[in-house]
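Structure first, commentary second.
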Amino acid sequence: MEDTPRKRPRRAQIANFGAGPGTLHPAVLAELAQQIEDYEGSGVSLLEMSHRTSMGPVQSTLVSASSAVRKLLKVPDSYEVLWMQGGGHGQFSAVPLNLLGNKKSADFVDTGIWTHRAMDEASKYCQVRIAARTEDNARIPPVSSWDLSDDSAYVHICLNDTISGLEFLDDPDIGDKLLVADCTSTLLSRPVRVERYAALYCASGKNLGPAGVCLLIVRRSVLGRARPDTPMVLNWQLAAETSPVPCLVNTPPVFAVWACKLVLEQMLKDFGDMDVVEQRVRRRAAKIYDVIDRSSGFYVNVIEGKFRSQTTLCFTFGADKDFKREWDGSITSKVQKTELEEKFTEQAGAHGMMELQGHPAFGGIRVCLYNALADEAVDRLVTFMEAFHQKHGPA
């Protein structure tokens, strides 16, 4: 007797809470699907068109994507908006290569694993100084306590650590020192005071769009400091100075930029500005944290309130407090899950809520609330978490 074919779930039934790649807006996917083969009636795909055609469809896509970034984030005219390749990890190297100049060190505020990854790359080119680090992995020390060196070329921060769920919810003011931020998992969740930064970079795969490109917003006045051995694909000045539009040093990642453009334009249509986006982001995160805080220790989040991530919400189970995990130092390793973690993700998955596991190398549960996730999905998860607590909590 043949097995009964499994009924394929409709996309509307699935909620992707994954840390990345994140879910995409249905209208963006529909537009990509409609235009992928025959772009705007041209008879060919945008992916087949030359990026060298002056202000042709590819160059126009780059310009439109950058314009949407400027409008949403209110990027000052004194900044370049660039679409780089190599992801966030590429910028871990690009930052020191482009900003060190004649200095030999850089300062870092250590807020977790992604800071460590950035430091590891920077250490190939300069001395790495830890100017501050998280307190009890629960709070970020105030700027006034940071040990910043005049001998360092820049100060690097990660605005949101997706593994711990620790976030800068304000933009630090460090005066005339050069501040650089990895904002991969938090950009487009709140307004950003761009003028406080020398550079911000955001790999796609979260709020920005599908993986494949890294957005760089950089102050023009810091360009021109690149080391002579900087690879041309990581050289910010070279990317900024191509003509007639930036980012033509080599063939740009056309599909990724196109998709990001559609995401950004959809945000402008749906929300208009980042103040509206932030209100929605805060409202949705509050619903999840409320369930955690009302659970009498069944769900545990150790982050101090004003540093709790609004996009990557992490928690464990109080019953697992004595469960020991050993991390081998590799970001690709997988640690053992607890019984409650297994039950939570399995039962959530049966209800169409996917990718709720914490980072494979660290365990726990992680709820990622990127912009394209429907409000209904958040409410569905709240209901599930309350029911799971009732079923598996203390009698």
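The values are calculated or read from the model by the stated rules, or taken from the named source; none is laboratory data. Keep in mind it's a predicted model, so treat the numbers as computed, not measured. Every residue, glycine among them, receives a Cβ derived from its backbone with ideal geometry; neighbour counts consider all protein chains shown. The protein model used for the area step is the full one, side chains on, heavy atoms only, and it has no ligands, DNA or RNA in it. Shrake-Rupley method; radii C 1.70, N 1.55, O 1.52, S 1.80 Å.
Candidate cross-link partners of Lys269 among the aspartates and glutamates, defined by an alpha-carbon separation under 19 Å and a same-chain spacing of 8 or more, comprise Glu31, Glu278, Asp375. Centre-to-centre separation between the Cα atoms of segment 298-338 and those of segment 254-286: 28 Å. In percent, rounded to a whole number, the relative contact order of segment 313-395 is 31, using alpha-carbon pairs under 8 Å and six or more apart. Dividing the convex hull volume of the alpha-carbon atoms in segment 155-312 by its residue count gives 139 Å³ per residue.
The lysines within cross-link reach of Lys124, meaning a Cα-to-Cα straight distance under 24 Å and a gap of 8 or more places when in the same chain, are Lys103, Lys104, Lys177. Among Arg227, Arg308, Arg325, the residue with the largest mean-square fluctuation in a Gaussian network model of the chain, with springs joining Cα atoms closer than 10 Å, is Arg325. Among the GluC sites (Glu not before Pro) within segment 291-395, those in coil by DSSP and having at most 11 neighbouring Cβ atoms inside 10 Å are Glu326. Partners of Lys343 within straight-line reach, counting lysines whose Cα lies under 20 Å from its Cα and excluding those fewer than 8 residues away in the same chain: Lys321, Lys324, Lys334, Lys391. Taking the accessible area of segment 1-151, probe 1.4 Å, and keeping the other protein chains in place, the carbon and sulfur fraction comes to 49%.
Of all DSSP bridge pairs formed entirely within the chain, close to 55 percent run antiparallel. Ordered from longest to shortest, the equivalent ellipsoid semi-axes for the chain are 35, 29, 18 Å, each the square root of 5 times a Cα gyration tensor eigenvalue.
In this rough spin-label picture, where each label sits 7 Å from Cα along the Cβ direction, the Asp322-Thr251 distance is 5.9 nm. In the chain, helical runs assigned H by DSSP with n ≥ 4 each contribute -39500 (n - 2.57); averaged across all residues and rounded to the nearest 500, the mean residue ellipticity at 222 nm is -10000 deg cm²/dmol. With protein chains left intact and a 1.4 Å probe, residues in the chain average 46 Å² of accessible area per residue. Electrostatic tally near Gln357: other residues with Cβ closer than 11 Å to its Cβ, Lys and Arg +1, Asp and Glu -1, net -1. Its Cα gyration tensor gives segment 258-306 an equivalent ellipsoid; the semi-axes, largest first and in whole Å, are 32, 11, 9.
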